[in-house]
Amino acid sequence: MTKFSIPFNKPYATGQELGYMQQAIANGHISGDGAFTKKCHTFFETALAVKKALLTTSCTHALEMSAILADIQPGDEVIVPSFTFVTSINAFVLRGAKPVFCDIRPDTLNLDETKLEALITDRTKAIVPVHYAGVACDMDAITAIAQRHGIVVIEDNAHGLFSKYKGRYLGTIGHMATQSFHETKNVTCGEGGALLINDSAFIERAEIIREKGTNRSRFFRGQVDKYTWVDIGSSYLPSDLLAAYLYAQLEAIDDIQARRQRIWDYYQAHLPEWAQTHNVTLPTIPADCEQSYHMYYMLLPSLEVRQELIAHLKSFGILTVFHYLPLHLSDMGRKYGGQTGDCPVTEDVSDRLLRLPFYNDLTEADQEKVIAGLFSFEGW
């Protein structure tokens, strides 16, 4: 039981999850690639018009699959923003890659496309744009640079399911993309992910990698009379019980997104005047982007103010949290040459960013309490 009357996050259930999980049990197939897994695959392939969707046990595992598909070898370089979760790069480091950290834009907090080309060398194998808070990176610029240099683009779209960039769904623009269904995401199955494939050349190998390096998928389609070990791989399939839970959430996606938009809009309607008065920066949504309403954050004037505000809100039973620490300044990042000053925007933003409570069942009454807590803070 949380000690906070208003937690930062609370997992959401539509009411259909247990019924679908019982159906999966009744089907007699609760391991990977059962009936509900197939329903989820069809949902994504239809709704997003991707060539192939494959559920995985986590977004981390989807990224690991993408690293294998991109043929990452020891000594290859992979460019990622320093302001992201560790698995955005760890999946590639596991294959022997060297991380190359790019700074972020001060407006959207996404990878700064103007700094990208200078980081490319003859060892660069992949670029991993992360759509922070479900707001799109400048994918036109990033894909144009990648095409000039023959580099694979893998979208880390953990925050951005059903976000759009210039009318296109995020996750459908790069060669591949990864999704997260962790309990903090808009739709969830507790732990889970998906690999979205937009380049058909990767599909057959992706199925093999996901099936422990075997051609089991071809066997079940009747394309071979027995299956065997044909490549490297691992067990990346989630249980059909998790897929059943996820499918219940996907069926309710319109309601979930409407709830989250209401929450985001309420914050946005009540905070701008206060923010301007206290030198607080609120989220930027470019005109050509349609966001996923994944989170609501603010940039405070200093680290000291942020920490004092977190403590102040805790005294009211309200949990607010910061976000990523700069990867280039982590213990591992420094082993790869990261130094203070390499990514100045990242270093500044990381110290000042604060995320407000945001979950599907958050009520306006609770948001009023959050806002009252912010307005009563005097530690400027």
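The values are calculated or read from the model by the stated rules, or taken from the named source; none is laboratory data. All of these numbers come straight from a predicted model, not from anything done at the bench. When we count neighbours, we look across all protein chains shown, and the Cβ atoms used for this are built from the backbone with ideal geometry, even at glycine.
What to note about this one:
- Any chance Val152 is under 17 Å from Asp199 (Cβ atoms) and not assigned by TED's automatic domain parsing to the domain that holds Arg334: yes
- Being touching a His at 6+ places or on another chain (Cβ under 6 Å) and either touching a residue at least 40 places away in the same chain (Cβ under 8 Å) or outside the structural domain of Ile142 (by TED's automatic domain parsing) (or both) is a description that applies to Phe101.
- Filter result (over 25 Å from Asp231 (Cβ atoms) and touching a Leu at 6+ places or on another chain (Cβ under 8 Å)) within the range 171-211: Thr172, Phe181, Lys185, Asn186, Val187, Thr188, Cys189, Gly190, Glu191
- Single condition Ile145 does not satisfy, out of (1) closer than 20 Å to Asp342 by Cα; (2) surrounded by 16 or more Cβ atoms within 10 Å (Cβ to Cβ); (3) not hydroxyl-bearing (Ser, Thr, Tyr): (1)
- Index of the failed condition, Thr281 passing every other in (1) under 22 Å from Tyr359 (Cβ atoms); (2) in contact with a strand residue (DSSP E or B) (Cβ under 6 Å, 6 or more places away or on another chain): (1)
- Residue match in the range 315-323 (condition: aromatic (Phe, Trp, Tyr), under 25 Å from the mean Cα position of the chain (by Cα) and closer than 30 Å to Lys166 by Cβ): no
- Candidates Tyr293, Tyr266, Tyr297, filtered to the one that is crowded, with 16+ Cβ neighbours inside 10 Å, touching an Asp or Glu at 6+ places or on another chain (Cβ under 8 Å) and either free of Cβ contacts under 8 Å to residues at least 40 places away in the same chain or not assigned by TED's automatic domain parsing to the domain that holds His131 (or both): Tyr266
- Count of the range 190-226 residues which are touching a Phe, Trp or Tyr at 6+ places or on another chain (Cβ under 9 Å), without any contact (Cβ under 8 Å) to a residue 60 or more places away in the chain and either under 17 Å from Ile72 (Cα atoms) or in a loop (DSSP other than H, G, I, E, B) (or both): 5
- Criterion: of a type in the set (Val, Ile, Thr), under 30 Å from Arg260 (Cβ atoms), touching a Gly at 6+ places or on another chain (Cβ under 7 Å) and assigned by TED's automatic domain parsing to the domain that holds Ala141 - qualifying residue of Thr172, Thr178, Thr184, Thr188: Thr178
- Residues of the range 349-371 classified as in contact (Cβ under 8 Å) with a residue 24 or more places away in the chain and either under 25 Å from the mean Cα position of the chain (by Cα) or surrounded by fewer than 15 Cβ atoms within 10 Å (Cβ to Cβ) (or both), total: 16
- Total residues in the range 13-64, condition under 22 Å from Lys185 (Cα atoms) and assigned to a helix (DSSP H, G or I): 24
- Residue check, Phe44 closer than 22 Å to Pro238 by Cα, crowded, with 17+ Cβ neighbours inside 10 Å and not assigned by TED's automatic domain parsing to the domain that holds Gly341: yes
- The single condition from (1) surrounded by 16 or more Cβ atoms within 10 Å (Cβ to Cβ); (2) farther than 21 Å from Gly32 by Cβ that Arg218 fails is (2).
- Test: residue in the range 215-229 that is within 19 Å of the chain's Cα centre (by Cα) and closer than 20 Å to Glu64 by Cα: no
Residue-by-condition table, conditions (1) closer than 19 Å to Ala201 by Cβ; (2) surrounded by fewer than 24 Cβ atoms within 10 Å (Cβ to Cβ); (3) not aromatic (Phe, Trp, Tyr):
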| residue | (1), (2), (3) |
| --- | --- |
| Lys51 | yes, yes, yes |
| Asp71 | yes, yes, yes |
| Pro74 | no, yes, yes |
| Phe83 | no, no, no |
| Ile89 | no, no, yes |
| Gly96 | no, yes, yes |
| Glu117 | no, yes, yes |
| Asp138 | no, yes, yes |
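- Subset tally (residues that are part of a strand (DSSP E or B) and closer than 12 Å to Thr57 by Cα) for the range 172-189: 4
- Subset tally (residues that are touching a strand residue (DSSP E or B) at 6+ places or on another chain (Cβ under 6 Å), more than 16 Å from Cys289 (Cβ to Cβ) and part of a loop (DSSP other than H, G, I, E, B)) for the range 135-171: 2
- Of the helices (runs of 4 or more DSSP H) contained entirely in the range 321-380, those carrying at least 1 residues that are touching a strand residue (DSSP E or B) at 6+ places or on another chain (Cβ under 8 Å) and among the β-branched types (Val, Ile, Thr) fall at 344-352, 364-375.
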